[in-house]
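Here it is: the structure, laid out below.
The values are calculated or read from the model by the stated rules, or taken from the named source; none is laboratory data. In this text, all values refer to a predicted model and were calculated from it rather than measured experimentally. No Cβ is skipped: glycine too gets one built from the backbone with ideal geometry, and neighbour counts run over all protein chains shown. In case anyone asks, the SASA skips ligands and DNA or RNA and just uses the protein heavy atoms, side chains included. Shrake-Rupley method; radii C 1.70, N 1.55, O 1.52, S 1.80 Å.
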Amino acid sequence: MAIQWLRCGHHVYVVSTWSESRAASSMLYHLLLQTVKTQQSAGVSPGQPHLLLYHLDDDKDVKKAVKNLSKKASGGSLYVIADEVGSDLSINNFQTLCDKLLIQVPRLHLWAASYFHKNAPSGWQVEHLTRPLRSPPAVVREVEQDKKIIKHRDVKPYSERGVPNHTDGPPVTRLYHRGHSCHRSADCVTCGREVASFLHSLRVGVTERNTTSTTLTDTSSGTTPCLQWRDVLLLYWDDVSGDSGMVTELQEAGIPVRVMKDDDIEDVATARSDVVWMADGHHVRGLERKVVVCLGDSVDDSFVPTIPELFYKTFRLDLMSRCTSQLVIVYANDWMWQ
């Protein structure tokens, strides 16, 4: 829809509503910029995209967003795109933003996306898009076990894809962080060595002119490009330091891995650098890679009930669903992936 608005000469505002939508919003903004350049090279004068960052979990920022966006309305019209708009905690403020903008702007055009279907603004048109077009069946089967889908029903279950699958996808690779010397797999040298060995077995980063590279089919296009380091994400459920055991072991194995910081969001979103990014999985919502490594932890079972369910019930949905081909799961306690 945003492309159509640009073609009609409108300014389009890509709105990030909270910290965990930054990456998706940045990716969308840069995709729209590419569209504008293509249209300009064809002699068309399109509108322009703009990226706006807010923290709607702060009531003051809601007022700021309403004020700023209302001022940007041209002739009473405003065109807004918002992806990954919120979680169970912050979605109410997004509803407030929508309702107040609707009062302030006579001709408001606002499209938003979220997988939390129960929290759509009251009275707004809603479409449920549930066909798994990006991930292969092998990955879908893992993701659809998430508690937010099968237990709490916060997220709609997958429907039938509707078209034949190219393949079931590569089998999910399962590694085990058990009996190792540290609790966190992200700090584990042994796990780092096993992950590095697996990535090298995929021939990631090996060029065609040197040897034949392993290829993984991307179910969205049916193509089989050679794997590059930028095709790989390492996802954890918390922050990771650059000198952790996982990172140092991968680097010693010749793998160019970097830990994502706030300043790296644009680089990660656009896959500009040919490196393996390691990130908190909740901060890359909306991004996808061919190879995704999900890191679990070794935590004493007595600790599990003290963890807010918000955190431990979304590993499948937030981390595994980023994968479009080869999924790797590092297991510790099974509860983490339930």
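Can you pick out the pairs among Lys37/Lys72; Lys60/Lys261; Lys37/Lys156 whose Cα atoms lie more than 29 Å from each other?
Lys37/Lys156
Of the residues Ile265, Ile103, Ile255, which exhibits the maximal mean-square fluctuation in a Gaussian network model of the chain defined by a 10 Å Cα contact cut-off?
Ile103
Grab the Cα-Cα distance for Leu31 and Lys63, subtract it from 0.36 nm times how many residues apart they are, and report the gain in nm with one decimal. Show your work: numbers first, answer last.
Working: separation 32, 0.36 × 32 = 11.52 nm, distance 2.84 nm.
In short, 8.7 nm is gained.
Between 0 and 90 degrees, rounded to the nearest ten: what's the tilt of helix 189-201 against the longest Cα principal axis of the chain?
The angle comes out at about 80 degrees.
What is the spin-label model distance, in nm, from Tyr158 to Val172 if the labels are put 7 Å beyond Cα along the C-beta direction?
Going by the 7 Å Cα→Cβ label model, 1.0 nm.
So, one more: Could you sort Trp18, Trp237, Trp111, Trp277 by their accessible area in this structure, using a 1.4 Å probe and putting the largest first?
Trp111, Trp237, Trp18, Trp277
Just from its helices, what would the mean residue ellipticity at 222 nm be for the chain, if runs of 4 or more DSSP H residues each count -39500 (n - 2.57) and the sum is divided by every residue, rounded to the nearest 500 deg cm²/dmol?
My calculation for the chain gives -8500 deg cm²/dmol from helical runs alone.
Would you mind checking the tilt of helix 22-41 against the longest principal axis of the Cα atoms of the chain, expressed as 0 to 90 degrees and rounded to 10?
Rounded to the nearest ten degrees, it is 60.
Once the dipole of the chain is set up with Lys and Arg at +1 and Asp and Glu at -1 on Cβ about the Cα centre, which of Asn93, Val14, Gln40 lies farthest towards its positive end?
Looking along the dipole axis, the top candidate is Gln40.
Quick one: with all protein chains in place, what share of the accessible area of the chain is carbon or sulfur, to the nearest percent (1.4 Å probe)?
Within the chain, the accessible surface is 49 percent carbon and sulfur.
Would you mind calculating the gained length between Gln39 and Ser273 on full extension (0.36 nm times residue separation, minus the Cα-Cα distance), in nm to one decimal? Each step should come with its number before you reach the end.
On the way: separation 234, 0.36 × 234 = 84.24 nm, distance 2.59 nm.
Between Gln39 and Ser273, full extension yields an extra 81.6 nm.
Would you work out the charge dipole size for the chain about its Cα centre, treating the Cβ of every Lys and Arg as +1 and the Cβ of every Asp and Glu as -1, and quote it to the nearest 20 debye?
Computed charge dipole of the chain: roughly 1260 debye.
Separate question: Could you check the spin-label model distance between Ile103 and Cys8? Points 7 Å from the Cα along Cα→Cβ, value in nm.
Distance between the two pseudo-spin positions: 2.6 nm.
Something else: Per residue, how much accessible area does the range 1-154 show when a 1.4 Å probe rolls over the protein heavy atoms, in square angstrom? Don't skip to the answer; put the middle values down first.
Details: 8040 Å² over 154 residues.
About 52 Å² of surface per residue is accessible.
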